[in-house]
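So the structure is just underneath, and the comments pick up after that.
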Amino acid sequence: MQSSDGRARGAGDGAGSAAGNHEDHGTASREVRYEDPWYDALASGWGEPDGTGASARAVPAARGERDAAAVRARDVYLEVQRSEAFQEVRGRYRRFVVPGGAAFLVWYVGYVVTATTAPGLMARPVVGAVNVGMLAGLGQFLSTFLLTWGYVRHARLRRDRLALELRWDTQELTRGARGGAS
């Protein structure tokens with residue numbers, strides 16, 4: 001394996017043992033052990049000299065200057081977000097998720113409230129040792145699976161194809177905004 005300064009690991013003066021190998025990266029006080037999980041961070045270019053002898057910045061600025069391609073790509077995403085196709089995909093998503101989520105939440109809260117405020121009702125036997133509380137609890141599991149199945153089916157039949165076409169168009173527009181680079 002290659003170290004961050006181009007030398008093979010273990011290549012050096014041979015003075016170190018296998019368990020305690022250290023490399024000198026210019027300062028005697030900053031020794032890095034091979035067992036260090038962050039050792040390869042230097043291999044990614046962080047903290048290494050930038051060619052002028054000064055250390056390069058470890059993390060780029062959060063709000064730095066943006067090049068023209070990044071600005072154009074941002075404009076593409078804003079344009080797509082405002083498009084009718086995007087609004088249709090989001091509308092179909094909301095028309096399923098909002099009522100489905102609300103109905104499930106009401107059903108769940110109703111179950112919890114009934115279980116805590118009406119234990120006599122929940123303890124009422126239905127068949128043998130099975131009572132209303134057990135059936136309602138099993139109904140929670142069943143409704144979870146049914147809601148998940150319904151969501152997946154709705155997504156597959158009503159949103160996935162439109163979302164995939166929208167994603168393809170977005171990538172094509174972004175590629176064009178960056179000058180053909182992928």
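The values are calculated or read from the model by the stated rules, or taken from the named source; none is laboratory data. Small disclaimer: the values here were computed from a predicted structure and weren't measured. We work out accessible area using only protein heavy atoms, side chains counted, and drop any ligands, DNA or RNA first. Shrake-Rupley method; radii C 1.70, N 1.55, O 1.52, S 1.80 Å.
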Sorted by chain and then number, the residues having a modelled amide H within less than 5 Å of the amide H of N131, at least 5 places away or on another chain, are V126
Students sometimes get this wrong: rank M134, M122 by accessible area, probe 1.4 Å, all chains present, largest first. M134, M122
Counting only protein heavy atoms and using a 1.4 Å probe, what share of the accessible area of the range 122-172 belongs to carbon plus sulfur, as a whole percent? 67
